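The values are calculated or read from the model by the stated rules, or taken from the named source; none is laboratory data. Given the structure is predicted, the values throughout are model-derived calculations rather than measurements. FYI the Cβ positions are ideal-geometry reconstructions off the backbone, even for glycines, and counts take in every protein chain you see. These area figures cover heavy atoms from the full protein model, side chains too; ligands, DNA and RNA do not enter into them. Shrake-Rupley method; radii C 1.70, N 1.55, O 1.52, S 1.80 Å.
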Amino acid sequence: MATREAAVGRARKFFDEGGFKALLSSLVAIPSTSQEAAHRADLDRYLQEGIQPWLERLGFQSRIHANPVDGFGPILTATRIEDPALPTVLLYGHGDTVAGLEAQWSAGLNPWQLTEQGDRWYGRGTADNKGQHALNLAALEAVLEERGGRLGANVKVVLEMAEERGSIGLRDFIAAHAEELAADALIASDGPRVEPGLPTLASGTRGTFHFDLAVRLREGGVHSGHWGGLTADPAIILAHALSTIMDRNGKILVRKWLPSDGLGGVPDAIRSVLKDCPVGGGGTAATIDAEWGEPNLTAAEKIYGWNSFIVLAMTSGVPANPVNAVAPDAVAHCQIRYTVDSDPATFEASLRHHLDIHGLDVVRIENAGLRMPASRTAPDHPWVRWAQASMEKTLGQRVQIIPNSSGGLPGDVFVDHLHVPLVWVPHSYNGCKQHGPDEHFLIAPAREGIAAFAGMWWDLGEGGTPRRG
């Protein structure tokens, strides 16, 4: 007789006996970076060779579509319908990666070859996102095997190949295919846990808004001996502009950017779910600096319930080859990471007003725009709590819910066009180096992830799941 315990056991056995490592090795070996034009064909190959035959073996009907925006990677959809009356879950993932950066990896490591060292599997896409969506599908396969080919629920899949270029085309595609992709919930995996050893559920993601601050004073540089102290230095003016936006301890001073204009702090419902939520365990050079950021917030509230302002890059003159000249201009490329409690449509106007009242009308705001909207399902939504209960039953430990992960994902697309609640189940951690050299997957959280998803797949077929209401 098929049982939940046996299904979870199958998934763990597949992992422990090397089946998942071999599977992930084959996926990593396809250099499907969307950030290098030379690998355009590998985007198709990842879907055609790595994913589509697997899905069809599991009983899915699948199709690979051209991206509605020319020049961006394809999108795979797949459906496995046992009975339209049964609950339907939509899986999302992306098979494209950032650039390989081969020359920057440590000795003995290759981005397109899975390498095990200690408690880690190294390779491009292991954490972002090949390893994560492959875990979920491998867990589904284990449950189908245990149940003799029947799940007791319906599953649909969207796998895109342009997420690392901003998911360009995905919104138009989902809008055009909304009827065939209709589901009761999106359950997918990307991003990091709050700590490597603490299973996590996120019900949304922060959004990203970018802009350039530019001070452009003259056509070219002028001699620093003849003109220094006489003519305005754009780098100094830009530095003063930045100091009005954020104080020396990281507090955002443009309060209109913040939830409730920065007056009410983190919303009560968000503060409640983040109570006792840890942050850390990244294993990177970064530190959690207690005095940095908004005062009187916990670390979890700062990263999961508040907005942040970051200067991603700034230049004046030629840093690699300084010359004795007062530079003609200075530019800083800036980013706001924000939650759904703020309105990004007001960000540029608020900044312009802020700069003007500080006498900084010479500072321009250029190239301002939304890169990825924020999204959030209420952390106490029935589907979020259902997933938490299922995971805790399987893993025998607490599962932390956060209102949104710290990074960005295209959850808004699915909320806007499919009206589904979001349940993100990250299998990675914030030290995985996903966009740099030496990207890796921690083996222990991955093993927990395949077991947790096997439990959820089983529970989907047992009845009693939330339904679209």
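Each Lys and Arg adds +1 at its Cβ and each Asp and Glu adds -1 at its Cβ; summed about the Cα centre, the range 212-357 shows a dipole of about 100 debye.
Dipole of the chain computed with +1 at Lys/Arg Cβ and -1 at Asp/Glu Cβ about the Cα centre; of P74, P445, L109, farthest Cα towards the positive end is P445. Of all DSSP-defined beta bridges confined to the chain, some 75% are antiparallel rather than parallel. Here is the tail figure for the range 99-219: Cα pairs spaced more than 25 Å apart come to 48 percent of all pairs.
When only alpha carbons are used to place a centre, the range 80-113 and the range 1-78 end up 7 Å from one another. If r is the Cβ-Cβ distance from A22 to E366 and R0 is 60 Å, what FRET efficiency results, to the nearest 0.05? Efficiency, from the Cβ-Cβ distance: 0.75.
Placing unit charges on each Cβ (+1 for Lys and Arg, -1 for Asp and Glu) gives the chain a dipole about its Cα centre, and among L230, P278, A241 the Cα reaching farthest toward its positive end belongs to P278.
Excluding G71 itself, what net charge comes from residues whose Cβ is under 11 Å from its Cβ, given Lys and Arg +1 and Asp and Glu -1?
On the way: positive: R40, R165; negative: D70.
Net charge around G71: +1.
Placing a label point 7 Å from the Cα of I236 along the Cα-to-Cβ direction, the residues of the range 324-358 with a backbone N closer than 19 Å are 324-332, 358. Note on the range 243-297: with charges restricted to the Cβ of Lys and Arg (+1) and Asp and Glu (-1), its dipole about the Cα centre is near 140 debye. Taken along its three principal axes, the alpha carbon spread of the range 1-123 comes to 52, 42, 19 Å, from the longest extent down to the shortest.
Residue ranges 71-80, 237-246 sort as 71-80, 237-246 when ordered by packing (mean number of other C-beta atoms within 10 Å per residue, highest first). Taking 20 Å as the cut-off, the amide N atoms of the range 439-464 that come nearer than this to a point 7 Å along the Cα-to-beta-carbon line of A2 belong to 450-464. At the residue level, K13 shows approximately 120 square angstrom of accessible surface with a 1.4 angstrom probe and all protein chains present.
Rounded, prolate or oblate: which fits the range 297-344, taking a ≥ b ≥ c as square roots of the Cα gyration tensor eigenvalues, rounded meaning a/c under 1.5, else prolate when a/b beats b/c? It comes out prolate by the Cα gyration axes.
Can you give the helix-only mean residue ellipticity at 222 nm for the chain, where every DSSP H stretch with n ≥ 4 adds -39500 (n - 2.57) and the sum goes over all residues, rounded to the nearest 500 deg cm²/dmol? -8500 deg cm²/dmol, from helical runs alone. Solvent exposure of the range 249-368, expressed per residue, is 53 Å² of accessible area, with all protein chains present and a 1.4 angstrom probe. Note on the chain: Kirkwood radius taken over Cα pairs, Stokes-Einstein applied at 20 °C and 1.002 mPa s, translational D equal to 91 µm² s⁻¹. Taking Cα centre as origin and charging only the Cβ of basic (Lys, Arg, +1) and acidic (Asp, Glu, -1) residues, the dipole magnitude of the chain rounds to 500 debye. Summarising the label geometry, the points placed 7 Å from Cα in the beta-carbon direction at L86 and Q48 lie 3.2 nm from one another.
With the whole protein complex present, D276 retains an accessible surface near 120 Å², based on a 1.4 Å probe. Between E219 and N324, the C-beta separation translates, for a Förster distance of 22 Å, into a calculated FRET efficiency of about 0.80. Backbone phi angles across the range 325-336, fed through the Karplus curve with coefficients 6.51, -1.76 and 1.60 (θ = phi - 60°), yield HN-Hα couplings of 8, 7, 5, x, 7, 8, 9, 10, 8, 10, 9, 10 Hz in residue order; Gly and Pro are listed as x.
Please give the contour-minus-distance gain from A29 to I288: 0.36 nm per residue of separation, less the Cα-Cα distance, rounded to one decimal in nm. Don't jump to the answer; show the numbers that get you there.
On the way: separation 259, 0.36 × 259 = 93.24 nm, distance 3.50 nm.
Computed gain between A29 and I288 is 89.7 nm.
Taking only protein heavy atoms and a 1.4 Å probe, the accessible area of the range 1-150 is 48% carbon and sulfur.
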